[in-house]
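Below is one structure, written out as structure tokens; the observations come after it.
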Amino acid sequence: MNIETLLRENIKNLKPYSSARDEYTGEAMVFLDANENPFNQPYNRYPDPLQRELKVEISKMKGCRPEQIFLGNGSDEPIDLLFRAFCEPGQDNIVTIDPTYGMYQVSADINHVEVKKVLLKDDFSFSADDLLEEVNENTKLIFLCSPNNPTGNLLDKQEMLKVTKEFAGLVVVDEAYIDFAPGASLLSELDQFENLVVLQTFSKAWGMAAIRLGMAFASEAVIHVLNKIKYPYNINILTQQKALDLIKKEEKKNEWVKILITERNKIAEQLVDLPFVQKVYASEANFILVQMHEARGIYEFLVENGIIVRDRSKVVLCNDSLRITIGSEEENEILMTKLRELI
């Protein structure tokens, strides 16, 4: 695939901003190139705009090359950049499943790009053929979220690969919750498909939503485009340093994931026993979608008792459903105790 054929003309011809740290990398005795304050080291210096050290460590962990990694201010930054690079406002469109993560729609609206939605089946699965039927000559991106939000289920891998094989644009697979579904990532397919983009994050399994660090994995050609149009210093030095420290503690992250999966399964079993619960949907994420009688009333009851969950009742296919994030054992017990008061 020639990525250049997908790019907007203005992006293709764009001359990117060149920062002082783009022009020189490495160690030096005196830095007088970036109009920095010489005091208050090390925070007086601009951070590495390409986060080279951090990408090397992530590449070791993920089994890919540093050149296949883009780091953003959360996953929302690469999502927005993909729109800005490949979708001509008022002309191009994207295709995605419904329901799914709401930021695809928001980014599309901001960038004046049409969204064509394909309704999931009743079991929250999707058909590659149904998705591809919505594609036309102006479709540049397809977004898939797996495990999906708010439904919690993994999408079928073969169906996702079929979309990737048959679509002439970019297929973006958002794997924000993939650590809770071991072995299901499409990262291993990167070298097979130049049009595949995989999104992951430090916000969920790593417990670092506050540092706002998202990862996009793709061909070097796509990563080059994202680096070309991003703001020069999009990842601050504090985030880079914290992530480097965090990666050294991967075993702790794995321990958290194991605990949360155990808690998820336990809470799912307990919820089924509540008479007002109609259905507990199977989940491969760190949350559970639960259909309840009078879900809005239960939501308001929980809020009154200082427990905040997400009311997804107005989302298509999620009628009368609450999305419950899996907390600590103590938090989950507080939730269940309050829900049992409604019996």
Item to check | Residues (surrounded by fewer than 19 Cβ atoms within 10 Å (Cβ to Cβ), in a loop (DSSP other than H, G, I, E, B) and touching a residue at least 60 places away in the same chain (Cβ under 8 Å)) located in the stretch 186-211 | outcome: Glu194, Ser203
Checklist entry - Out of curiosity, is Glu67 touching a helix residue (DSSP H, G or I) at 6+ places or on another chain (Cβ under 7 Å) and of a type in the set (Asp, Glu)? => result yes
Next on the checklist: Restricting to the stretch 43-66, count the residues that are surrounded by fewer than 16 Cβ atoms within 10 Å (Cβ to Cβ) and under 21 Å from Leu186 (Cβ atoms).
Outcome noted: 4
Checklist entry - Right, Leu50: modelled with pLDDT of 95 or more and not in a helix (DSSP H, G or I) or not? => result yes
Checklist entry - Can you tell me how many residues in the stretch 254-281 are in contact (Cβ under 8 Å) with a residue 12 or more places away in the chain, assigned to a helix (DSSP H, G or I) and among the basic types (Lys, Arg)? => result 2
Checklist outcome for this item: Here the residues within the stretch 226-251 that are outside any helix (DSSP H, G or I) and either touching a strand residue (DSSP E or B) at 6+ places or on another chain (Cβ under 9 Å) or closer than 30 Å to Leu170 by Cα (or both) are Lys230, Tyr231, Pro232, Tyr233, Asn234, Ile235, Asn236
Checklist entry - Would the stretch 119-128 turn up any residue that is surrounded by 20 or more Cβ atoms within 10 Å (Cβ to Cβ) and among the aromatic types (Phe, Trp, Tyr)? => result yes
Checklist entry - Could you give every pair whose Cβ atoms fall below 7 Å, whose first residue belongs to the stretch 156-185 and is more than 28 Å from Thr325 (Cβ to Cβ), and whose second residue is part of a strand (DSSP E or B) and of a type outside the set (A, V, I, L, M, F, W, C), counting only separations of at least 6 or pairs across chains? => result Gly169/Thr139; Gly169/Lys140; Leu170/Lys140
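Here's the yes/no breakdown for (1) assigned to a loop (DSSP other than H, G, I, E, B); (2) in contact with a strand residue (DSSP E or B) (Cβ under 7 Å, 6 or more places away or on another chain):
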| site | (1), (2) |
| --- | --- |
| Ile298 | no, yes |
| Val303 | no, no |
| Ile307 | yes, no |
| Val316 | yes, yes |
| Leu322 | no, yes |
| Gly327 | yes, no |
| Glu330 | no, no |
| Ile334 | no, no |
| Lys338 | no, no |
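The values are calculated or read from the model by the stated rules, or taken from the named source; none is laboratory data. The structure presented is a predicted model; accordingly, all values stated were derived computationally and were not measured. Neighbour counts run over all protein chains shown; Cβ positions are idealised from the backbone, glycine included.
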